[in-house]
Amino acid sequence: MRLWLPQIVQGMGVPDSQNGFVVAVPYIFAMAAMIWWGHSSDRRVERIWHIVLPTLLGSLGFFIAAFSQSDVVMFLGILLVIIGLDAVIGPFWSLPASFLRGGAAASGIALINTFGTGAGGFAGPSLIGYLKGETGNYTSSMAVFAVALLGTSLIVLMFGRRISAAAIARAKS
């Protein structure tokens with residue numbers, strides 16, 4: 001999304017001279033959300049719902065952006081996506097350390113980072129480009145990412161109890 005956002009905004013009719021300013025708006029909101037949401041997660045010492053809720057927000061944003069007929073509504077959907085995906089960063093990266101220790105924590109974080117930035121950083125933009133080329137718009141790629149984020153939320157919820165139980169047991173020992 002980050003790579004394609006300037007082209008999406010340009011497709012909305014925003015002139016090149018204003019494109020950067022318009023693209024920056026969601027990130028200003030996301031910066032505030034990231035700080036506030038991370039603080040909320042730390043204050044409550046809770047990670048699972050602080051991962052699931054912004055992921056669902058991002059999924060909702062992708063659905064709104066994918067099926068909106070209005071450029072303004074589409075941009076608001078994209079705003080929700082960026083807020084959700086940036087707000088989840090702090091709670092997400094604190095999760096592995098809550099149930100992994102020592103070398104396992106370092107290896108687990110490295111593995112997650114490899115898949116996220118290596119595979120996801122290549123596959124996501126490539127998928128957007130491919131689907132845009134095949135369909136002529138961003139609807140299908142945004143719908144795919146909406147479903148993927150729903151899946152992410154379900155995975156975190158399914159394993160959340162197990163992770164939380166392990167973290168509580170470790171804290172007691």
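Quick look at the values:
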| item | result |
| --- | --- |
| Filter result for the condition that a residue is of a type in the set (G, A, S), more than 19 Å from G77 (Cβ to Cβ) and at pLDDT 85 or above, over G133, G160 | G133 |
| Pick from region 62-78, criterion of a type in the set (A, V, I, L, M) and over 18 Å from G124 (Cα atoms), ranking: surrounded by the fewest Cβ atoms within 10 Å (Cβ to Cβ) | V72 |
| Members of region 98-152 found to be β-branched (V, I, T) and in contact with a helix residue (DSSP H, G or I) (Cβ under 9 Å, 6 or more places away or on another chain), listed by number | I109, I112, I128, T135, T139, V144, V147, T152 |
| Wholly within region 51-128, helices (runs of 4 or more DSSP H) carrying at least 1 residues that are at pLDDT 90 or above and among the polar types (S, T, N, Q) | 102-113 |
| Flag if L56 is touching a Ser or Thr at 6+ places or on another chain (Cβ under 9 Å), closer than 16 Å to M142 by Cα and of a type outside the set (S, T, Y) | yes |
| Odd one out for S41 among (1) without any contact (Cβ under 8 Å) to a residue 60 or more places away in the chain; (2) surrounded by fewer than 21 Cβ atoms within 10 Å (Cβ to Cβ) | (2) |
| Any chance F29 is touching a residue at least 12 places away in the same chain (Cβ under 8 Å) and surrounded by 18 or more Cβ atoms within 10 Å (Cβ to Cβ) | no |
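The values are calculated or read from the model by the stated rules, or taken from the named source; none is laboratory data. Just so you know, these numbers come straight off a predicted model, no measurement behind them. We place every Cβ from the backbone using ideal geometry, glycine too, and count neighbours over all the protein chains shown.
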